[in-house]
Structures are given as structure tokens and as C-alpha cells.
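Written below as C-alpha cells is the structure these notes are about.
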Amino acid sequence: PTPGSAAAAAVPAAPSSLGAPSAPGSFDNMSIENTSPQFIQKQQRWLLFLRHCAKCRAPESECQLQQQCRFGKQLWSHILGCSNPQCQYPRCSTSKELLKHHQKCSSQACPICHPVKEYVRKTRQKQQQELEDQQRQQQQQQQQPFM
């Protein structure tokens with residue numbers, strides 16, 4: 001599944017199964033063994049998970065990811081302030097490397113970044129459309145005379 005599918009967008013129960021990068025490796029020069037469909041999907045899911053954690057403002061009890069989101073928010077907060085390339089904080093170094101690659105990657109051929117960026121773009125478009133529809137409905141309701 002691609003990030004645009006429901007299966008890829010759903011996040012499993014434990015952070016360890018989210019596809020966190022487990023070993024250092026250059027995402028700019030992905031080797032053949034790292035381009036397996038499972039590796040690619042794990043990296044895509046991890047990017048989407050980190051994105052969720054960076055944006056989620058819901059209390060833990062209200063977020064659908066609950067403890068996983070709390071873990072991700074702690075990791076995200078750590079990453080933002082960490083400048084140690086050999087950091088031992090769980091998943092910090094590999095997450096930073098993946099995020100750095102994703103931030104500067106503009107290749108439509110990248111099997112990790114391009115589908116994630118398309119998924120994010122489509123999600124933003126859908127949210128924008130929903131917001132515009134909602135505003136239009138509110139304007140129409142305000143224009144209707146009371147009876």
C-alpha cells in the first residue's frame with residue numbers, strides 16, 4: 001500500500017512496529033538492500049507518524065495514537081533541540097537523518113519521499129476544501145431570513 005491508502009495511513013499499536021529507522025544508513029544513497037518494499041513502507045509510515053506527533057495538539061486520552069503519540073512527541077521535542085550526530089536517544093539519529101533527507105528531497109523517483117509528499121499534499125487539499133465548504137455553508141445560513 002502507498003501512504004495514500006488507508007492501510008498505510010493507519011498506525012499500528014506499538015511504536016516499535018511503526019517502522020522507525022533501526023540502523024544508520026544514508027537515505028541519499030540508498031543501497032539495494034534498503035529499497036525493499038518493507039523498508040520503504042516503514043520509512044513512509046515513520047515519516048507520517050512523526051508528522052502526526054509534530055502537529056497533534058490533542059490530549060493523550062483523546063488522540064487515537066495515545067501512548068505512541070506521547071512517545072513520538074517526546075522524540076520530536078528531543079530532535080528539535082538535538083545537535084549530536086551520535087545521539088543515543090532512542091531513534092533520534094536515524095529519525096533526524098530520515099527527516100533531513102525528506103526535507104531536502106525533491107526527486108519524484110524517491111520511493112520514500114514522493115508518495116509521502118503526495119499524501120500530505122492531497123490531505124492538505126482535502127482539508128482546505130472541507131474548510132471552504134464549511135465557510136460557504138455558514139455564509140448561506142447567515143443569509144437565510146429567519147421565519
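The values are calculated or read from the model by the stated rules, or taken from the named source; none is laboratory data. Model, not experiment: these values are computed from the prediction. Cβ atoms come from the backbone with ideal geometry, glycine included; neighbour counts cover every protein chain shown. SASA here: full protein model, heavy atoms, side chains in, ligands and nucleic acids out. Shrake-Rupley method; radii C 1.70, N 1.55, O 1.52, S 1.80 Å.
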Filter the range 46-62 down to the residues that are of a type outside the set (Lys, Arg) and in a loop (DSSP other than H, G, I, E, B), then identify the one that is least open to solvent (accessible area, probe 1.4 Å). Cys56
Some residue of the range 106-115 being in contact with a Ser or Thr (Cβ under 8 Å, 6 or more places away or on another chain), under 18 Å from Phe39 (Cβ atoms) and outside any helix (DSSP H, G or I): yes
Close pairs from the range 107-125: first touching a residue at least 60 places away in the same chain (Cβ under 8 Å) and open to solvent by less than 60 Å² (accessible area, probe 1.4 Å), partner among the hydrophobic types (A, V, I, L, M, F, W, C) and in a helix (DSSP H, G or I), Cβ under 6 Å, at least 6 apart: Pro111/Ile40; Ile112/Ile40; Val116/Leu47
Assess whether Lys117 counts as being among the basic types (Lys, Arg), within 20 Å of the chain's Cα centre (by Cα) and more than 17 Å from Lys55 (Cα to Cα). no
Pick out the one residue from Leu75, Leu65 that is surrounded by 20 or more Cβ atoms within 10 Å (Cβ to Cβ) and at pLDDT 95 or above. Leu75
Residues (within 15 Å of Arg45 (Cα to Cα) and either in contact with a strand residue (DSSP E or B) (Cβ under 8 Å, 6 or more places away or on another chain) or of a type in the set (Asp, Glu) (or both)) located in the range 98-130: Glu118
So is Ser95 in contact (Cβ under 8 Å) with a residue 40 or more places away in the chain and within 20 Å of Leu50 (Cα to Cα) or not? yes
